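Below is one structure, written out as structure tokens; the observations come after it.
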């Protein structure tokens, strides 16, 4: 087995080789970040070229056996995930950045380049989709448990104290579910309006419904042209203002690499 492996952070598309002079530190144990040029396809647009952003890492820490052990430890994974993301984000100003999954590894530089060449048609489609665009995340949460209004109690007259208590609990629970459904509906209308202004959008309902009575009423990603950044931010502020005034928490984050659209 070779002493080192080739760790790939992202594929970038540009008219000239990007500088790696001020790139953040590589993943732990990795050597300096460098570029590998990917040969162009026949009849490709000669103005743009592609490079893999890579670093060499020790096989003893990143080979299959080592990853099998180390991926069980958050203390091992988290700093490497942060380093990976920092390197990818460094190249976001380029025309197109295709981020790789964490721990994308090859036995050598040639194997990494060969893989990109074999998969160039699919990669070309992805690059066309994300070129000049970056991802923004929008999350809307209910700041506190949604209980709804205190129900009126005349209907409970004649019931025993215990039965009246249970009836009030049921009504409060039902009112809370109704209020939460209303909040989700409001957030859904925001998503629909904001998605119209994006090149692509994805609502992550699996995050929203991860637990019963989840307070997350919207978790979404939007692919937005870089040139429309300020207009998009203003649009989100305008559409979410009523929700903020109603006590919901609105979080707009980005720009990020287009992880949700590749």
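A compact table of results
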{"quantity": "Every residue from region 55-97 that is part of a strand (DSSP E or B) and under 30 Å from residue 225 (Cβ atoms)", "calculated": "96, 97"}
{"quantity": "Every residue from region 199-223 that is over 17 Å from residue 250 (Cα atoms), more than 11 Å from the chain's Cα centre (by Cα) and at pLDDT 90 or above", "calculated": "199, 200, 201"}
{"quantity": "Some residue of region 43-56 being surrounded by fewer than 20 Cβ atoms within 10 Å (Cβ to Cβ), at positive phi and at pLDDT below 95", "calculated": "yes"}
{"quantity": "Residue within region 14-35 that is in a strand (DSSP E or B), in the same structural domain as residue 126 (by TED's automatic domain parsing), closer than 27 Å to residue 261 by Cβ and touching a helix residue (DSSP H, G or I) at 6+ places or on another chain (Cβ under 6 Å) present", "calculated": "no"}
{"quantity": "So residue 147, is it at pLDDT below 65, within 23 Å of residue 241 (Cα to Cα) and in contact with a helix residue (DSSP H, G or I) (Cβ under 8 Å, 6 or more places away or on another chain)", "calculated": "yes"}
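The values are calculated or read from the model by the stated rules, or taken from the named source; none is laboratory data. Keep in mind that this is a model prediction, so the values were computed, not measured. We place every Cβ from the backbone using ideal geometry, glycine too, and count neighbours over all the protein chains shown.
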